[in-house]
Each structure stands twice: as structure tokens, then as C-alpha cells.
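A quick write-up on the structure given underneath.
Where a number appears in this text, it was derived from the coordinates with a stated rule and is not lab data. Worth saying up front: this structure is predicted, and the values here are computed from it rather than measured. Note that each Cβ is placed from the backbone with ideal geometry, even for glycine, and that neighbours are counted across all protein chains shown.
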Amino acid sequence: MNTLNRATPSAVADLKTGAKKAPGGIRPEDYRYLQDCVYRETGIVLDQDKHYLMDSRLGPIVRRAGFSTVADLCNLLRGVGVASSRDQHDKIKREVVNAMTTNETLFFRELAQYDALRHKIIPALMAERRGLRRLRFWSAAASTGQEAYSLAVLLADIRVEGWNVQITGTDINDAVLARARAGRYQQIEVNRGLPANYLVRYFSRQGPVWELKDEIKKMVNFELLDLGESLRTRGPYDIVCCRNVLIYFDIETKCKILSEI
């Protein structure tokens, strides 16, 4: 199990000593503090070797806040030597968490899984549910929406007219959810995994941007959700897509999530 070194009073005191920086320009005590902050807020474990990634992702937040270094940002979050309002503190904490959550996604990721859904799993579910005529899907780390919309496009192509199809996409990052709800993607994004026949059939082009047609967008509902919260009131679902988010949690959190889905 991955463990986190939590910030201690001595580490906070080291802020004034000019402690040696870790690779990527972030001091070790600041890196440990940010690891702990992300873990408390999301349950996600940041490895010890992500200094450069953290430095590059937090740079824009540091500049927008008018600071010079990541250390200044950490001081504000700690409440050490940097005055801020509660609203500013909470806003910047949310920006930090959003920046440090991985949002890598693409259409029809792991194509073999979608082939299995199309040819085996969904037909079997439809046969089993033909009396109820309802199917429920959950994309548990929806990011900018490609996974949830891949399910929607697949179901539209299978032709499930007359069925109550519910697809829910959740994520802890409200910024990427806003993009998902818009259903608008750059050329490079639709080039990654999306079959050309689906692009022509279910998207409309607006200059350099491809937008999903309303019939597909209406099939998906996006919600803000922290998987660390209780999940017992959700579901039941026929299909839960969660593999590419569970890899970022420690074993204890994985077990909790899987026991509640």
C-alpha cells in the first residue's frame, strides 16, 4: 500500500529555512504537503516521482494568484504567512486539486472492451432486461466525457429505441465536467480512438471543433462526485467503468469503493 508522509510542525517551520528543493523546483516538505492535501480531498495517492508534473501543473495557479513560487501557494493553503480570505483559500485549494487529478482520456479506449460490450454484454443484458427495458451505465471518472459518450454512441449504433437508457458520468473535477457537458472536441481529440463512421454520424463540425449531436448529449448526465464519499445510495448499475480511476487510489480506498458500487 502507498503511504503518505504528512506535513509536521517541523516541516512547516522549515519553510523559513530555505530547505533544499526536490527535483522540479518543489521543496520536499511542500511536495509532502501537497500529496497530503490531494489525498485528503480525493483519496488519490501521488507517487514520490511526480515533482516535475506537479511543478508544471501548479505553475499557472501560482501565477494567477500573484505568487512567485509553489512554496507561496503552499503557505497560503497552510495559513502560514500569507493572508487570504476563506473564499480565496477554498478556490485555490479546488484549483490545486483539479490540476493534480489526472484527466487523460480518449474515445473508445481499450477497443476490445467495447467490442465485448457490443457483441456480448449488452445483447445479454437486453435479453435479461427485456421486461423492464432499462439499462444503466456509470463512467466513474468521466473527465472530459469521452468514455461516457463512447457508451452513448455505441448504444445509439446498436439501436436501443424504446429502452430507458441512463448514462451517468462523474468526476471530482468540475472544470473537466463543464467541458464534458458541452460535448465539443478538438480535431486531435476525435482523432484519438473515435472511428470515422461514428464521427460522421454523431458529430457536427464547427470550424476546428467537432460537437456531438443533441441526441447523444441527451443520453448522458454529468455530475460532480468524490469517489471517497459514500456510494451506497447510487445505483444499481448494469455496467460500471472504473478501472482507469482505481489505479490512482491506495488499497484501502479501492476496497471501499468496490464494496459500495
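Can you tell me how the stretch 111-260 classifies by the Cα gyration tensor, rounded, prolate or oblate, using a/c under 1.5 as the rounded cut? Intermediate values should be presented prior to the final figure.
Details: a/c = 1.79, a/b = 1.17, b/c = 1.53.
Here the stretch 111-260 falls in the oblate category.
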Query raised in the report: What ³J(HN,Hα) values, in whole Hz, does the Karplus curve 6.51 cos²θ - 1.76 cosθ + 1.60 give for the stretch 108-124 when θ = phi - 60°, with x put for Gly and Pro?
Result: 6, 5, 6, 4, 4, 5, 6, 5, 5, 4, 5, 9, 10, 5, 5, x, 5
Query raised in the report: What percent antiparallel are the DSSP beta bridges of the chain, to the nearest 5?
Result: 35
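Can you tell me the length gained on complete extension of the stretch Arg243 to Asp214, counting 0.36 nm per residue apart and subtracting the Cα distance? All intermediate terms of the calculation are to be shown ahead of the outcome.
Details: separation 29, 0.36 × 29 = 10.44 nm, distance 2.80 nm.
Computed gain between Arg243 and Asp214 is 7.6 nm.
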Query raised in the report: Label points 7 Å out from Cα along the Cβ direction at Ser204 and Glu252: separation in nm?
Result: 5.1
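I'd like the FRET efficiency for Ser230 and Ser68, computed as 1/(1 + (r/R0)^6) with the beta carbon distance as r and R0 of 35 Å, rounded to 0.05.
Values: r = 41 Å, r/R0 = 1.16.
Computed FRET efficiency for Ser230 and Ser68 comes out at 0.30.
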Query raised in the report: How many angstrom separate the Cα center of the stretch 216-248 from the Cα center of the stretch 185-200?
Result: 24
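As a footprinting exposure proxy, order Cys255, Cys37, Cys241, Cys74 by other Cβ within 10 Å, with the fewest listed first. Kindly include the intermediate steps, with their values, before the conclusion.
Working: Cys255 11, Cys37 20, Cys241 23, Cys74 26.
In increasing order of surrounding Cβ atoms, one gets Cys255, Cys37, Cys241, Cys74.
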Report summary line: Quick calc of log₁₀ I(q)/I(0), the chain, Debye, one scatterer on every Cα, no solvent, q values 0.12 1/Å, result -0.81
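Explain nothing, just the number: dipole magnitude of the stretch 111-260 about its Cα centre with +1 on each Lys and Arg Cβ and -1 on each Asp and Glu Cβ, in debye rounded to the nearest 20. All intermediate terms of the calculation are to be shown ahead of the outcome.
Working: 22 positive and 18 negative charges, 111 e Å.
Computed about the Cα centre, the dipole is about 540 debye.
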Report summary line: The helix 146-158 Cα axis meets the longest alpha-carbon principal axis of the chain at an angle in degrees, between 0 and 90 and rounded to 10, of 0
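Just how large is the dipole of the chain about the Cα centre, in debye to the nearest 20, putting +1 at every Lys and Arg Cβ and -1 at every Asp and Glu Cβ?
Values: 39 positive and 32 negative charges, 81 e Å.
The calculated dipole for the chain is roughly 400 debye.
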Query raised in the report: DSSP loop GluC sites (Glu not before Pro) in the stretch 109-210 with at most 15 other Cβ atoms within 10 Å of their Cβ, which ones?
Result: Glu110, Glu161
Query raised in the report: From the residues Gly43, Ala112, Leu53, which one has its Cα farthest along the dipole of the chain in the positive direction, the dipole being from +1 and -1 charges on Cβ of Lys/Arg and Asp/Glu about the Cα centre?
Result: Ala112
Query raised in the report: List the trypsin sites (Lys or Arg not before Pro) in the stretch 189-245 that DSSP assigns to loop (not H, G, I, E or B) and whose Cβ has at most 15 other Cβ atoms within 10 Å. Which are they?
Result: Arg192, Lys213, Lys218, Arg232
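For the pair Arg133 and Asp49, what calculated FRET efficiency results from E = 1/(1 + (r/R0)^6), where r is the Cβ-Cβ distance and R0 = 45 Å, to the nearest 0.05? Display every interim value, and only then the final one.
On the way: r = 49 Å, r/R0 = 1.10.
Computed FRET efficiency for Asp49 and Arg133: 0.35.
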Requested in this report: Measure nothing but the geometry: give the 0 to 90° angle between the long axis through the Cα atoms of 251-260 and the longest principal axis through the Cα atoms of the chain, rounded to 10°.
Outcome: 40
**Report entry** Cα centre as origin, Lys/Arg/Asp/Glu Cβ charges: the stretch 37-137 dipole, Debye
**Finding:** 680
